[in-house]
1. Among the numbered conditions (1) under 20 Å from PRO139 (Cα atoms); (2) of a type in the set (A, V, I, L, M); (3) open to solvent by 50 Å² or more (accessible area, probe 1.4 Å), tell me where MET191 comes up short.
2. Just checking, which of ILE203, ILE209 is touching a Phe, Trp or Tyr at 6+ places or on another chain (Cβ under 8 Å) and of a type outside the set (Phe, Trp, Tyr)?
3. Looking at (1) open to solvent by 70 Å² or more (accessible area, probe 1.4 Å); (2) under 24 Å from ASN101 (Cβ atoms); (3) free of Cβ contacts under 8 Å to residues at least 24 places away in the same chain, can you tell me which one TYR165 breaks?
4. Can you tell which of ARG59, ARG144, ARG63 is modelled with pLDDT under 95, buried (at least 20 other Cβ atoms within 10 Å of the Cβ) and farther than 29 Å from LEU345 by Cα?
5. ARG445 is checked against (1) out of contact with any helix residue (DSSP H, G or I) (no Cβ under 8 Å at 6 or more places or on another chain); (2) within 18 Å of ASN116 (Cα to Cα) and fails just one. What number does that condition carry?
6. If you scan segment 477-489, which residues turn out to be part of a loop (DSSP other than H, G, I, E, B), aliphatic (A, V, I, L, M) and at pLDDT 80 or above?
7. Which numbered condition in (1) in contact with a Lys or Arg (Cβ under 9 Å, 6 or more places away or on another chain); (2) among the aliphatic types (A, V, I, L, M); (3) farther than 30 Å from SER81 by Cα is the only one that ILE352 fails?
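The values are calculated or read from the model by the stated rules, or taken from the named source; none is laboratory data. Worth saying up front: this structure is predicted, and the values here are computed from it rather than measured. So basically every Cβ, Gly included, is an ideal-geometry build from the backbone, and we count neighbours across all protein chains shown. With ligands, DNA and RNA removed, areas are computed over all heavy atoms of the protein, side chains included. Shrake-Rupley method; radii C 1.70, N 1.55, O 1.52, S 1.80 Å.
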Amino acid sequence: MGRKPDSTKPHSGVGSASPKTARRAQPSPVFLGTALFVLGFVSLLTGHIVTDADWSRIRSRWRSNQVRNNEPIDIWKSRYSSFYYGCSRRSPRLRSAVPENASTGYLLIATSGGLNQQRIGITDAVIVAWILNATLVLPELDHRSFWKDDSEFSDIFDADWFISYLSKDVTVVKRIPYEVMTSMDKLPWTMRAPRKSMPEFYIDEVLPILMRRRALQLTKFDYRLSNELDEELQKLRCRVNFHALRFTNDIQTLGQKLVWKLRFMSSRYVAIHLRFEPDMLAFSGCYYGGGEQERKELAEIRKRWDTLPQDLSAEDERNRGKCLLTPHEIGLMLRALGFGNDTYLYVASGEIYGGEETLKPLRELFPNFYTKEMLVGDDLKPFLSFSSRMAAIDFIVCDESDVFVTNNNGNMAKVLAGRRRYMGHKRTIRPNAKKLNALFQARNRMGWDVFSRKVKKIQRGLMGEPDDTRHGRDDFHEMPSSCICQRIPVNRSVTTQKENLAAQVR
């Protein structure tokens, strides 16, 4: 676990990793000259006039590398976030919703998993309904998985808002009309689509059955649609995920109450999704230092998944970066990045494996430590029996945070990372578990300053900067690149910026 930070180190929680501001590197004449020549040559061959926006993108890509390699990082907010914004407005070229009485049939969806896995399934269900010209019935939530939550769609999401917001894109109904159900010769056909299916699969394999049976249900609907879609369909994905899926008033009110309490105590806070629950630790196949008792308990839980190997090497998994960081390691990483011990932490989590004993080192590093249970107490009682509603409350507080820290690449981490990018590239930190693991093992052989410097270097590119993208590797829900636009070139004058913004408003 390593040594606790030196108590003599400053605990001010300042916003920058360094008190000095590095001078922004300037492109070399050779680079700029080559870029101008290439753009001019392309213009000559294609007839495309190179615009200021084209030239800005070239400069931006060069500058991103300089930012990543040379500039100190403000740990609270990206200095470039204001130059990007979410852009998912509906194009007039996109086919409008087909009326219920003219659609190809009723599409029913049975989602799978926890709240955010189901959220992804709901988002993709809307796209599939559009592809099929179908009427979408409000998706059925998963009541049988590990979480055993019997909440319905309308218990978590505002169903009326969902239907109204999407009315121009897809017709959504709460249920198949009674007269239609009674006129059907057979019950709705049930089938499961392969993971990450292309639109052609739904057109070739699903549509004929839907038109013949009038109603069809797709089961275990999670990640059943490809990441590679037409840009307008990707924008529709964003409209569903970031706009149409709005929590119910009860959930939203309690979530905002938590945010208000945190803001009353501090102007800014860090939210951590620890994900250090027994099921997640068992699923990882890793060992976290709890002795033989831990090995037996987690091995027993792991048996719930028939498809998982039971003989993984915990050491190999850790060296591959597949293990969660412990709460103590998360705390050390944050302190090394520059967050002082006066930083306010909100910890989003279910049952922590090992309980208070596991959390103690993190509390010592950050005494201003809070959970939803600590902040609202009895107000949580109506939600305690519903894991998805509890997860929705955590989702709101994490989304509103100044800094969000993930501890795995699970569904909540992906959905929130994508949403925070879309909403203005709010700081999101993804630990580089593979490299940090090696560093934690050597922690006692180096001083705090050396350790801190190494952590900052390891985490570059994983701090939620606009240029953190890893094209071709990221899930669209985590990296909604089709829905993020550059507001203005970063070198424009203030006057030009205001003019452009005014034009966008008009």
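1. All conditions pass for MET191, except number (3).
2. ILE209
3. Checking TYR165 against (1) open to solvent by 70 Å² or more (accessible area, probe 1.4 Å); (2) under 24 Å from ASN101 (Cβ atoms); (3) free of Cβ contacts under 8 Å to residues at least 24 places away in the same chain, the one that fails is (3).
4. Matching residue, one of ARG59, ARG144, ARG63: ARG63.
5. Against the list (1) out of contact with any helix residue (DSSP H, G or I) (no Cβ under 8 Å at 6 or more places or on another chain); (2) within 18 Å of ASN116 (Cα to Cα), ARG445 comes up short only on (2).
6. MET479
7. (1)
Let's see how each residue does on (1) of a type outside the set (Val, Ile, Thr); (2) surrounded by fewer than 16 Cβ atoms within 10 Å (Cβ to Cβ); (3) closer than 26 Å to ASP449 by Cα:
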{"residue": "PHE283", "(1), (2), (3)": "yes, no, no"}
{"residue": "GLU297", "(1), (2), (3)": "yes, yes, no"}
{"residue": "GLU300", "(1), (2), (3)": "yes, yes, no"}
{"residue": "ASP311", "(1), (2), (3)": "yes, yes, no"}
{"residue": "ASP316", "(1), (2), (3)": "yes, yes, no"}
{"residue": "ASN319", "(1), (2), (3)": "yes, yes, yes"}
{"residue": "HIS328", "(1), (2), (3)": "yes, no, yes"}
